[in-house]
Amino acid sequence: MTKQPFDEASAKQPKQESQDTIVPKIVEFEPLTEDEEKEKLRLERKVERSFYEAGIALKLLRDGRYYRNTHPSFESYCQDRFGYRNRRHPYRLIEAAVTIENLLENCDQFGHISSPIIPVNESQARPLTSLDDPSQQVKAWTQAIEKAGGKVPPARIVKEV
């Protein structure tokens, strides 16, 4: 084994960080104005409700048979037009939208009349769609909210109640 000569210059160089080294970075965030905060909240709610809006639109397309001039079935229309590979997906969105409408109609039971807590994605609404009675949906959703500490519960909690 040959000894390498000591190189004082390289000894003063900082060691290269390994992949396991975590280097914290300080990130400064720019505060939003009150109007910007309101706009952010409005836009976030639109994103959260996009699955609901899609479900309502799909229901209208299906019920009105607006696909009939180009496609033999609603399923093939959704696959071609929206790229839904899973034939069940548009129906899940429709079922979730119907459930959301039920929750919105009965939001006074939540104690949040002006701003009800509703599912923000289809997977949170999906367990409720299997309940036949709309009042059962409301009861289960209310229990899930309580179990989640008054916040929008994850799908896991909704499935448990």
Toward the positive end of the charge dipole of the range 43-160, about the Cα centre and with charges on Cβ (Lys, Arg +1; Asp, Glu -1), which of 99, 123, 152 goes farthest?
-> 123
For the range 43-160, size of Cβ-based charge dipole, Lys and Arg +1, Asp and Glu -1, in debye = 480
Pairs of lysines 8 or more apart, or on different chains, with alpha carbons under 23 Å: count those in the range 43-160, would you?
-> 7
Determine ³J(HN,Hα), in whole Hz, for all residues of the range 119-129 in sequence, where each value follows from phi through the Karplus function 6.51 cos²θ - 1.76 cosθ + 1.60 and θ = phi - 60°; x replaces Gly and Pro.
-> x, 9, 8, 4, 5, 6, 7, 3, x, 6, 5
Here, residue 48 and residue 87, labelled 7 Å along Cα→Cβ, have an inter-label distance in nm of 3.5
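A short reminder: the numbers here are calculations on the coordinates, not readings from a lab. Owing to the predicted nature of the structure, the values given are computational and were not obtained by experimental measurement. Backbone-built Cβ (ideal geometry, glycine too); neighbour counts: all protein chains shown.
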